[in-house]
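The values are calculated or read from the model by the stated rules, or taken from the named source; none is laboratory data. Nothing here was measured: the structure is a model prediction, and the numbers come from that model. As a convention, Cβ positions derive from the backbone with ideal geometry for all residues, glycine included, and neighbour counts pool all protein chains shown. Heads up: the accessible areas ignore ligands, DNA and RNA and are worked out on the full protein's heavy atoms, side chains in. Shrake-Rupley method; radii C 1.70, N 1.55, O 1.52, S 1.80 Å.
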Amino acid sequence: MGLLLGPALRHVSDTTALVWVQTENACTVEILGCSARTFEVQGYHFALVLVTGLMPDSVTEYQVGIDGATQWPIDDEAFAKFPPSVIRTRGPASAHRLRAIFGSCRYPKTEVRKIEKKLKHDALDSYATRMAGRPIDDWPDALILLGDQLYADELPPDEQRRVSRRRHNRHGDRPPDEVVSFAEYERLYRHSWGDPEIRWLMSTVPTAMIFDDHDIRDDWNTSASWRSEMAKTPWWRDRIRAGLASYWVYQHLGNLSPAELADNADYQRLVATEGDAWPYLAELADRADREVDCGKGIRFSYRWDLGRSRLIMVDSRNGRILESGERMMIGENEFRWLESKAEEQPETLDHLLLASSVPWLMPPAIGDLEALNERAADRPGWRGALGEKVRQAGDFEHWPAFYKSFVRLGEMIARIANHPDGPSTINVLSGDVHHSYAARADFDGVSADGAAVHQLVCSPVHNYVPMFVKPAFRLGWTRPAAAVIRWWVRRSGVLSPPMTWTDVCGPLFGNTIATVEINHRSAEVFFEQPHKSTTLQEAGRVSLSRTAG
């Protein structure tokens, strides 16, 4: 009857909140007088409780009851240092203010000293510990997790031993050091989200999420040849089914608003299913993997309205078009959806936040190399094959590696930035690249009074930085390297993008958590890194507005 994982506070509006939980058995979960029955997947039980009747701009302490017995807060010494979990709604008083923290690439803690010494302190753990000692008014309004919540292909040692034993006894044709089944994903989610700091933080800060490659497998959907190679393995269909189905249950459902859930036929069918819903979820996962353009398939992108700020999370992994010569980061239907949501009523916005797990603006020299590589990979014969090998080996999979989409996103941002009554700032939040930075973009034709545009990257929250990353990315930001590579790329026929960009903070290396602070038409970002397990030090700060006020 107990609570296995959660509560995780997800979408919150002026008067409603969604709280996600995983429980030991089938039961009724109760929060603030509202309840939901669990649904079952392969013997595991989950519920998404819609809490209604909240007041705008309110702070409400809550508990979680399971069949009438209180299961949260947990009566355990590890949780004793944390204050009660609360739901903070938005409303007129908070419409012009927002504090959002974001980051990506969080490897779970282990019990292995050598690994922990390499990974160093978890920035999100340090943030939660500091937050617990501060007034509620200083707490963030949102936590934005930009991918690699799991490392399904790089397991912590205890999970690797568990999986290896399963392979020895059963499933000998599956990889001995990666998860494949829903049950193995379930164990990994509990390991990654189960430590007290993360459980408490997610219980009290509305959390928006999106996947990246390691939630499924390194280089997921880098190219058509990558998909073709993976499809030949006997275990891949089970893996992609389990990965997408578990993502849908653990991460995606809470991203949706109550109205979207009510209109979502897949969710309504899930909660109406008697017994194990796995056959239906397997079909859903197959559909999500197969129908990449969201006019027919499943949309993992979504929008949150946060007062006069708008967050649009873009699925820049599962929705890719990968055929040579037709590559797009997101399909045509998905791009039209993105443009409609981003450009809808710009006069109602002070700030627009576009979130993508992979960066839009890379260090200039590296971004140009990615664009050049795409052109090479589109060639026939051995040249194209070589280009594809370089694409995978070099991790050339960010927005510039899908050049049509890279340019189109820039054109959309320029239109919004140039709207006379539009937002003051447009910020693209990303992760993935194991270093952090802020870059300012400039567009020809955009008024000097137009919105200021920045790319903000925070990665990793808790992971190591490979040796090659520091020199490669430092070099990628230098003007001489950018000039040489750009000359070479333009000679090869790749057209100039509609913007230029410069580094205004970073590159920063090491575990980092970033904060976007918004106050009316002004905004800034700052990056913090763990000094000790319980303290954070500021590593950089940038004003995101053209003018203060």
So residue 143 clears everything in (1) part of a strand (DSSP E or B); (2) farther than 27 Å from residue 537 by Cβ except one condition, right? Which one? (2)
What are the pairs, 6+ residues apart or on separate chains, where a residue within region 334-346 that is over 11 Å from residue 303 (Cα atoms) has its Cβ under 7 Å from a residue that is of a type outside the set (A, V, I, L, M) and open to solvent by less than 40 Å² (accessible area, probe 1.4 Å)? 334/293; 334/294; 334/301; 334/319; 346/422; 346/423
If the requirement is being closer than 30 Å to residue 97 by Cα, of a type outside the set (Asp, Glu) and within 22 Å of the chain's Cα centre (by Cα), which of these qualifies: 152, 142? 142
Residues that are under 28 Å from residue 331 (Cα atoms), out of contact with any strand residue (DSSP E or B) (no Cβ under 7 Å at 6 or more places or on another chain) and at pLDDT 95 or above: find the helices (runs of 4 or more DSSP H) completely inside region 191-287 holding 2 or more of those. 236-247, 258-263, 265-272
Please list, ordered by first then second residue, the pairs with beta carbon atoms under 6 Å, 6 or more apart or interchain, first in region 167-185 and over 21 Å from residue 44 (Cα atoms) and open to solvent by 20 Å² or more (accessible area, probe 1.4 Å), second modelled with pLDDT under 90 and among the hydroxyl-bearing types (Ser, Thr, Tyr). 176/164
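So that you can scan it fast, the table gives a plain yes or no per residue for (1) part of a loop (DSSP other than H, G, I, E, B); (2) open to solvent by less than 40 Å² (accessible area, probe 1.4 Å); (3) touching a Ser or Thr at 6+ places or on another chain (Cβ under 9 Å):
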| position | (1), (2), (3) |
| --- | --- |
| 102 | no, yes, yes |
| 108 | yes, yes, yes |
| 111 | yes, no, no |
| 117 | no, no, no |
| 126 | no, yes, yes |
Checking 538, 528, 517 in turn, the sole residue that is surrounded by fewer than 18 Cβ atoms within 10 Å (Cβ to Cβ), more than 28 Å from residue 450 (Cα to Cα) and either of a type outside the set (Lys, Arg) or out of contact with any helix residue (DSSP H, G or I) (no Cβ under 6 Å at 6 or more places or on another chain) (or both) turns out to be 538
Unique match (being among the hydrophobic types (A, V, I, L, M, F, W, C), over 21 Å from the mean Cα position of the chain (by Cα) and either at pLDDT below 95 or buried (at least 23 other Cβ atoms within 10 Å of the Cβ) (or both)) among 481, 438, 452: 481
Evaluate the following for residue 377: is it touching a Lys or Arg at 6+ places or on another chain (Cβ under 6 Å) and either at pLDDT below 90 or open to solvent by 30 Å² or more (accessible area, probe 1.4 Å) (or both)? yes
Output the qualifying pairs, or none if there are none: Cβ atoms under 8 angstrom, residues six or more apart or on different chains, first residue in region 425-449 and in contact (Cβ under 8 Å) with a residue 24 or more places away in the chain, second residue of a type in the set (D, E, K, R) and in a strand (DSSP E or B). 437/503; 438/503; 439/503
